[in-house]
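Working notes, beginning with the structure itself.
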Amino acid sequence: MKRRHFLGLLGAAGVTLGSGATAKAASLGDVKGLPNAGGVLFDASRCIGCRKCEAACNQVNDLPKPAKAFDDLTVLDATRRTDAKTYTIVNKYVPDAGKPPVFRKIQCNHCMEPACASACFVAAFKKSETGAVVYDPDVCVGCRYCMVACPFNIPAYEYDKAFTPRVMKCTMCQPRLLEGKLPGCVEACPKEALVFGKRRELLNLAWDRIGGNPGRYVEHVYGEREMGGTSWLTIAPKPSFAALGMDENLGTTSAPELTSGALAAVPAVAGIWPVLLTGLYAISKRKEKIAESEKQAAVSAAIAKASADAEAKLSEELAKAEVANKRRIEVEVKKALEAAAKAGEEGEDA
Amino acid sequence: MSTETQKGTLFTPWNIVAGIILAAGVVVTIMRFTMGLGAVTNLSDNNPWGIWIGFDLLCGVALAAGGYTTSAACYIFGFKRFHGAVRPAILTAFLGYALVVFALNYDVGRPWRLPYPIFYQQGTTSILFEVGLCVFIYLTVLFLEYLPAALEWKRGFDKYRDILVKLTMGLTILGVILSTLHQSSLGALYLIAPSKLHPLWYTPYLPVMFFMSSMFAGMSMVIFEGTLSHKHFHHKMDDEYNLGYEDLQMAFSKAAAWIMAGYLAMKLLGLAMDNRWQFLGTGYGAWWLVEVVGFVALPCYAYAVAYRDRNLKLARFTALWTVLGIVLNRFNVSLVAFNWQLPSVDRYFPSAGEIIISLFVVTIGVIAFRFIVTRMPIFYVHPAYKDSSH
């Protein structure tokens, strides 16, 4: 019962995880085939750091009012990141001292194959048809592995809530997209630094701008291939994206690909270990058995030898005893005869 | 610690310290569950995982690996003379995992939803899903493996005890499979963040390395825990345990030396394959060398010497050394080398509250261990079951 029982259990586990792997493969295909996936192109060379996008985001998403008003531009003097009350922020960078600053808007990049979705063990994150990566707080356990996984450091957490903490991040204004409206930030941008559209068309637009303004832009569309590609694309003026605090070494491998090898090992381990371990058990048991039977053979041989020896010795002793007895009897008989003879002689004398 | 036999000495130094830790733990617990994580931890949006994951989970699971290593050695590989060590190792592992799950309740935002990934909606693409599923099943396996001792203590359940004893072999193999999977997937958790983990620690071999290190971590814990137990619970131990005990310490020293040598080779192989040699000249490189030379290569050598010279004292010292090395490694992966590119103001250091809860959890473990071994047949065979094979 026991062996079949655990093999069955493992089979079940293998099937679950195996089907997980195929489901993932299928979803990868879906993402690549998301023809209508939307996105936003951010052109850092057009951004003037007015924070209108921040204000719009705050308003359309009903986020709490910040400590400093959105028209207070001194906020830009410190480097900030998104948090649970702020889905997007603009930071100021000075790549060349003495030259005008460059601004960068930061929000969720809505990866084509999101690390957060790949990492979430309750599947609370999903890449939607619109291109937005959406979050379901009704299943979230609050493990924060999505935050560990995100290469862009985007998801934030409501650390101050005891009972209903959520992971917070830009939704690409999914509810507005579904109504046919633009994301709040895109609509509010006065300089058209943000353009909403289909990702494929945005890529063409980005490369047209780079090609049409020789020497102005870094010749790279950030997000075209980073971590398998993102829906949010960025182009920036020279010298580099790194000058805007962007990681240029993320590579093109998507998050699911990074862990697929480890996941694929699960059925292998679950399949090979029981066979191997049962084999090892059988070998050690057989060794034991052989050792046991060898021991028994040795013992019985020893016993046989000992008893044979004892028997031989006994018969030898018996023989010896017999000889000795005979001799003793002979001596006794002789003695008796001699005594009798002597007695006869004495009788005759008397 | 031996207050059981002495009347009226409840206020031993150890008990007082334990009492203070427990009281502080209760206070922090109340704060954690009424005011949220932010009130008691230094966690932030950039550092979502602190020592409750780095120590309570990663170290807890690695150091509880003595359960599968010892039972596999005894039941699968046929080292019957280690039989006496199986129950203490299983108990340590069971308590270890139970406390890991207990501690997780503090760390996750909505602990009452912890069963969700298993029973409600499965995120099968997640390495954490694999960890959760394996830990959940393995905790059940360890409970079943521990249960005979409890059933022998409260007599009258022989029927159930005998069924469980018959399952030993199956449970042991299942335990090895589950341990292989989740020990390695704890390392695999970090595969998804190549941009955040320092290149000296990030390697595709992370899962293999976590698994290999769990083996010698478990063995070292068995030696270390056995040494401590000997000091405090010697009166509970029978001849079978005592006869096998030193033999086991020697055998595990030898095994650990071999596995650590393999682990060392793996570390260097990772360095060579990814061509990361240039990082050795940096500050992180120096720290990496402290870990790899100071807490793998040297204890590996010390274990080998201890075995060659039959030097029990050295073996026991090396066990503690290796345990510290494992803690260092898990801290390095999860905290020190993680987020290495963040400016130092954004880096994480545990708060007093986090440290208190970690101490609280360890203290509960020690108290539970003490409660059980002073009452149940762990270090000795119950007289009624002398002839049983379990």
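For the condition within 28 Å of the chain's Cα centre (by Cα), surrounded by 14 or more Cβ atoms within 10 Å (Cβ to Cβ), touching a residue at least 12 places away in the same chain (Cβ under 8 Å) and more than 10 Å from chain B (Cβ to nearest Cβ), what is the one hit in A:Gly223, A:Gly271?
Criteria check complete, one pass: A:Gly223.
Out of (1) over 23 Å from A:Tyr159 (Cα atoms); (2) at pLDDT below 95, the odd one out for A:Phe42 is which?
Here A:Phe42 clears every test but (2).
From B:Leu22, B:Leu43, B:Leu57, which residue is closer than 21 Å to B:Leu142 by Cβ and in contact (Cβ under 8 Å) with a residue 60 or more places away in the chain?
Being closer than 21 Å to B:Leu142 by Cβ and in contact (Cβ under 8 Å) with a residue 60 or more places away in the chain holds for just one of B:Leu22, B:Leu43, B:Leu57, which is B:Leu57.
List the pairs whose first member sits in the range A:195-220 and is without any contact (Cβ under 8 Å) to a residue 24 or more places away in the chain, whose second member is in a helix (DSSP H, G or I) and surrounded by fewer than 19 Cβ atoms within 10 Å (Cβ to Cβ), and whose Cβ atoms are under 6 Å apart, counting only residues at least 6 apart or on separate chains?
Every condition considered, the pairs that remain are A:Glu219/A:Ile210.
Which ones in the range B:90-133 are more than 18 Å from A:Ala149 (Cα to Cα) and of a type in the set (Gly, Ala, Ser)?
Answer for the range B:90-133, where residues must be more than 18 Å from A:Ala149 (Cα to Cα) and of a type in the set (Gly, Ala, Ser): B:Ala93, B:Gly96, B:Ala98, B:Ala103.
If a residue counts only when it is more than 14 Å from every other protein chain (Cβ to nearest Cβ) and farther than 17 Å from B:Ala193 by Cα, which helices (runs of 4 or more DSSP H) contained entirely in the range A:104-206 have at least 1 such residues?
Helices (runs of 4 or more DSSP H) meeting the threshold: A:174-178, A:184-188.
Which count do you get for residues in the range A:71-96 that are crowded, with 18+ Cβ neighbours inside 10 Å and either polar (S, T, N, Q) or in a loop (DSSP other than H, G, I, E, B) (or both)?
Total satisfying the criteria: 6.
Would you call B:Ile51 β-branched (Val, Ile, Thr), more than 9 Å from chain A (Cβ to nearest Cβ) and either touching a residue at least 12 places away in the same chain (Cβ under 8 Å) or surrounded by fewer than 23 Cβ atoms within 10 Å (Cβ to Cβ) (or both)?
For B:Ile51, the condition - β-branched (Val, Ile, Thr), more than 9 Å from chain A (Cβ to nearest Cβ) and either touching a residue at least 12 places away in the same chain (Cβ under 8 Å) or surrounded by fewer than 23 Cβ atoms within 10 Å (Cβ to Cβ) (or both) - is met.
When both residues are 6+ apart or on different chains and their Cβ atoms are under 8 Å apart, which pairs have a first residue that lies in the range B:306-318 and is free of Cβ contacts under 8 Å to residues at least 24 places away in the same chain, and a second that is of a type in the set (A, V, I, L, M) and surrounded by fewer than 17 Cβ atoms within 10 Å (Cβ to Cβ)?
Listed by first residue and then by second, the contacts come to B:Asn311/B:Val305; B:Leu314/B:Val305.
Report every pair of residues separated by at least 6 positions or lying on different chains whose Cβ atoms are under 8 Å apart, first residue within the range A:248-263 and under 18 Å from A:Leu233 (Cβ atoms), second among the aromatic types (Phe, Trp, Tyr).
Pairs that qualify, where the first residue is under 18 Å from A:Leu233 (Cβ atoms) and the partner is among the aromatic types (Phe, Trp, Tyr), are A:Glu248/A:Phe241.
Restricting to the range B:167-193, count the residues that are more than 7 Å from every other protein chain (Cβ to nearest Cβ) and either out of contact with any helix residue (DSSP H, G or I) (no Cβ under 7 Å at 6 or more places or on another chain) or hydroxyl-bearing (Ser, Thr, Tyr) (or both).
Of the residues in that region, 5 qualify.
Which count do you get for residues in the range B:8-45 that are within 11 Å of chain A (Cβ to nearest Cβ) and out of contact with any strand residue (DSSP E or B) (no Cβ under 7 Å at 6 or more places or on another chain)?
15
Could you tell me how many of the residues in the range A:227-262 are more than 7 Å from chain B (Cβ to nearest Cβ) and either among the charged types (D, E, K, R) or touching a helix residue (DSSP H, G or I) at 6+ places or on another chain (Cβ under 6 Å) (or both)?
Number of matching residues: 8.
For B:Lys159, state whether it is free of Cβ contacts under 8 Å to residues at least 40 places away in the same chain and away from chain A (no Cβ under 14 Å).
Taking the combined requirement at face value, the residue satisfies it.
Could you tell me how many of the residues in the range B:63-117 are part of a helix (DSSP H, G or I), of a type in the set (Gly, Ala, Ser) and surrounded by fewer than 21 Cβ atoms within 10 Å (Cβ to Cβ)?
1
Here are some residues: B:Thr70, B:Thr92. Which one is among the polar types (S, T, N, Q) and farther than 22 Å from A:Val269 by Cα?
Only one candidate passes the filter, namely B:Thr92.
Any residue in the range A:171-194 that is over 30 Å from the mean Cα position of the chain (by Cα), more than 29 Å from A:Pro137 (Cβ to Cβ) and crowded, with 20+ Cβ neighbours inside 10 Å?
The answer is yes, given that some residue of the range A:171-194 is over 30 Å from the mean Cα position of the chain (by Cα), more than 29 Å from A:Pro137 (Cβ to Cβ) and crowded, with 20+ Cβ neighbours inside 10 Å.
Please enumerate the residues belonging to the range B:283-312 that are under 22 Å from the mean Cα position of the chain (by Cα) and acidic (Asp, Glu).
B:Glu291
Looking at (1) within 14 Å of chain A (Cβ to nearest Cβ); (2) free of Cβ contacts under 8 Å to residues at least 40 places away in the same chain, which is the only condition B:Leu264 fails?
Every condition holds for B:Leu264 apart from (1).
The values are calculated or read from the model by the stated rules, or taken from the named source; none is laboratory data. Please read these numbers as outputs of a predicted model, since none were measured by experiment. Here Cβ is always computed from backbone atoms with ideal geometry, including for glycine, and neighbour counts include all displayed protein chains.
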